[in-house]
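Okay, handing you the structure first.
Read the figures in this text as sums done on the coordinates, not as results from a lab. Worth saying up front: this structure is predicted, and the values here are computed from it rather than measured. Cβ: placed from backbone, ideal geometry, glycine included. Neighbour counts: every protein chain shown.
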Amino acid sequence: MIDFYIEFVKNNIILSSFIQFAILGLLGEYAGIYVSKKRISKAFTLPQALLKSLGWGFLGILIKYAFTGFVAFTNGLIAHHLLPSSFACVWIFSFFTSFFMNTLFGPQLMFLHRFIDNLIVKRKGFKGIEGALKTLIWFWIPAHTITFTLPVEFRIGLAALWSVVLGVILGFFKQKSGE
């Protein structure tokens, strides 16, 4: 089964990124809602859920490009002696790749994600975006540090799984705050 997954990801880079995020991103939203309300809730209409899934898939493609680009970015900084060559160590390299990606690209992705969500559910504004942006520091930088230690074929899949994990964590926060 794992060999099939690896081959599918290698041979369908963009499609596999889309599919993994379309499924797991939406699952993360539902998991967060379930945890916060302690019951299955009809959070979205079927058309909204389908559109959200497409939105997540689109974000998955952008994230795949960002992963590739920021690995090259960090390698370029090392190659041009803007970071020490000792930063090529897997964990240090992974941390800095995650740091650069989540500080330079993460905020734009968060705003785009919220914009897409707002279009789908016909909501205006960016209420709560501050909390979403804070996840870049306390969740996404550490999570993607781990992600970048893996072989390329597993990175997008883990990133999509992190969306489920974050959904559950945020669901617990909402539950505790009484939202």
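Compute log10 of I(q)/I(0) for the chain with the Debye formula, placing one identical point scatterer on every Cα and leaving out solvent, at q = 0.09, 0.13 Å⁻¹, to two decimals.
Here log10 of I(q) over I(0) equals -0.34, -0.69.
Also, quick follow-up: Listed here are the pairs K37/K127; K37/K64; K37/K124; which of them are more than 22 Å apart at the Cα?
Pairs exceeding the cut-off: K37/K64; K37/K124.
A further question follows. Just subtract the alpha-carbon distance of I40 and K127 from 0.36 nm times their residue separation and send over the number in nm, one decimal.
Computed gain between I40 and K127 is 28.9 nm.
Still on this structure, I have one more. Could you give the DSSP H helices of the chain that reach 30 angstrom or more along their long axis (alpha carbon positions) and whose average Kyte-Doolittle hydropathy is no lower than 0.5?
Length and hydropathy pass: 13-37, 46-79, 152-177.
For the range 12-95, which trypsin sites (Lys or Arg not before Pro) are both in a DSSP coil and crowded by at most 13 other Cβ atoms within 10 Å?
In loop regions of the range 12-95 (DSSP not H, G, I, E or B), the sparsely surrounded trypsin sites (Lys or Arg not before Pro) are K38, R39, K42.
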